[in-house]
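The values are calculated or read from the model by the stated rules, or taken from the named source; none is laboratory data. Quick caveat, the model's predicted, so the values are computed rather than measured. No Cβ is skipped: glycine too gets one built from the backbone with ideal geometry, and neighbour counts run over all protein chains shown.
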Amino acid sequence: MLIDLTDNAAFGGNSFWPAMAWLRENDPVHRHESGGGFWAVTRYADAVEVYRDSDVFSSRYGMRLDTNKAAVAAVSQRMLIVSDPPEHTQLKRVLNKSVFPDHSEDLVRGIVRELLAEALAAGEVDMVEVIRRLPTRVVCALLGVPRPEWDWLGATMNGAFEGDDEEVRSGNHAEIFLYFTELLRERRKNPGTDFISRIATDRRDTPDGEQELTDEEIIVNCNGVMAGGNETTRYSAAGGLLALTRNPDQWALLRSRGAEVIPTAVEEILRWTTPGVHVMRTAMRPARIGDRDIAVGDRVTVWNVSANRDERAFPDADRFLIDRTPNRHLTFGGGRHLCLGARLARLELAVFLEELTKRVSAVELTGEPDYTASNFTTGTSYLPVRLTPSLVPTA
Ligand code: HEM
């Protein structure tokens, strides 16, 4: 059973899971001829090898199918996610130091409480509309975007990726670049403690000595942080809530065991939802994956959605079990490109679950959920629910 892996429509529901299972069983390093030809790696162990061997499997030519080559070339070796060492290592050190400020937990909790209060007041809501403001507000706050502009910038970012046509998407992208350019100019004049100010004043080690990041590097990486942390976190939180409504025993377990089970529940939600469907690499040297020979220049795709449901790595992989351990999922990728925002995303999910279980006693679906049709970032796009408040919410 095969699907066209380049066809976004094939990922707009739950029908791609059997195709992934078929590939894992029958053709785990599959040669996909259409879409320009590429390899599709679907087993967990092979995926780990590709992530690990980033000297062979490069990101600088793009990290997804359907890459716009000119757009990647314009930022390659300057934007973290499409860079190889040594630039990648230098940039990541600088960005890593500032992506999780000390006040992250207070910030996230304040935003989650506000959003849940609004949702509870409404009673019946599309939870995707509520949850979508969590990651955008968190990342805006982190970047030092003034509060009145959070929701505007969040909506512009959503439009840049989910707008109806190319004109809308590229218009929104241009607005974001302009916005970050102006914000950087302002922060250079009046530096604060935010991410932009910190990375603008930090220095990276290069063979020619310490250097500041260029304006262009700062702007494209702010954009990268905003883009990387937006839809992904939303899909995990919304998909996690959907899984909890569909598995009432797991919701009951979460409410009864509370804080103690939240860390494993977060990992299971991440595994279960796997918003980052695939990543792509380009082979720089001849390589072997499983029993297949990979030639220089070949494109290799790793299907996280498949690796995370591989029975060889996860017993009962098709069951949603919030106390699952071990759970070494690949939702954040692996190797040197491991997600820069993993700690922040985990915090957002943990606080969301903590506050939800304190304030909400029941979540009922009131209609059929919908999903985003994309072979790159997918998840729940519509989640109509009725929320029942807890009688005595704990503080
Ligand atoms: C559930 C939420 C998230 C998921 C599923 C996710 C997924 C991923 C994956 C799969 C990668 C690896 C890409 C590759 O190997 O080519 C990645 C990298 C990255 N993510 Fe995330 N991410 C999430 C949240 C975040 C957040 C909150 C931020 C920012 C605050 C962020 C920023 C980034 C950046 C900048 C990279 C590039 C890292 C590098 O190339 O070294 N992500 N993410």
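Can you tell me which residue is farthest from the ligand (Cβ to nearest atom) among those in segment 125-146 that are under 23 Å from Pro389 (Cα atoms) and touching a Leu at 6+ places or on another chain (Cβ under 8 Å)?
Restricting to residues being under 23 Å from Pro389 (Cα atoms) and touching a Leu at 6+ places or on another chain (Cβ under 8 Å), the top hit is Val125.
Please go through segment 202-223 and pick out each residue that is farther than 16 Å from Leu142 by Cβ and assigned to a helix (DSSP H, G or I).
Once the filter is applied, which keeps residues that are farther than 16 Å from Leu142 by Cβ and assigned to a helix (DSSP H, G or I), segment 202-223 yields Asp215, Glu216, Glu217, Val220.
Could you go through segment 272-285 and let me know if any residue there is of a type in the set (A, V, I, L, M, F, W, C) and more than 12 Å from the ligand (Cβ to nearest atom).
Yes; the residues of segment 272-285 include at least one that is of a type in the set (A, V, I, L, M, F, W, C) and more than 12 Å from the ligand (Cβ to nearest atom).
Take segment 193-206 and flag every residue that is in contact (Cβ under 8 Å) with a residue 40 or more places away in the chain and surrounded by fewer than 24 Cβ atoms within 10 Å (Cβ to Cβ).
Passing the criteria: Thr193, Asp194, Ser197, Arg198, Asp202, Arg203, Arg204, Asp205, Thr206.
Select from segment 330-358 the residues that are among the hydroxyl-bearing types (Ser, Thr, Tyr) and either near the ligand (Cβ under 9 Å from one of its atoms) or modelled with pLDDT under 95 (or both) and list them in ascending order.
Selection gives Thr331 alone.
Take segment 4-37 and flag every residue that is within 22 Å of Ser374 (Cβ to Cβ) and buried (at least 20 other Cβ atoms within 10 Å of the Cβ).
Leu5, Phe11, Phe16, Met20, Leu23, Arg24, His30, listed by residue number.
Residue-wise test of (1) in a loop (DSSP other than H, G, I, E, B); (2) surrounded by 20 or more Cβ atoms within 10 Å (Cβ to Cβ); (3) aromatic (Phe, Trp, Tyr).
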| residue | (1), (2), (3) |
| --- | --- |
| Arg285 | yes, no, no |
| Arg288 | no, no, no |
| Arg312 | yes, no, no |
| Pro315 | yes, no, no |
| Ile322 | yes, yes, no |
| Thr325 | yes, no, no |
| His329 | yes, yes, no |
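Against the condition out of contact with any helix residue (DSSP H, G or I) (no Cβ under 7 Å at 6 or more places or on another chain) and at pLDDT 95 or above, how does Glu105 come out, does it pass?
Considered against the rule, which asks whether it is out of contact with any helix residue (DSSP H, G or I) (no Cβ under 7 Å at 6 or more places or on another chain) and at pLDDT 95 or above, Glu105 comes out as no.
Go through (1) farther than 26 Å from Glu114 by Cα; (2) assigned to a helix (DSSP H, G or I) one by one and return the number of the condition Leu356 breaks.
So Leu356 meets the others, but not (1).
Determine whether Arg204 is touching a Ser or Thr at 6+ places or on another chain (Cβ under 6 Å) and closer than 21 Å to Phe100 by Cα.
The answer is no for Arg204.
So which of Arg24, Arg31 is more than 12 Å from the ligand (Cβ to nearest atom), at pLDDT 95 or above and in a helix (DSSP H, G or I)?
Going through Arg24, Arg31 in turn, just one is more than 12 Å from the ligand (Cβ to nearest atom), at pLDDT 95 or above and in a helix (DSSP H, G or I): Arg24.
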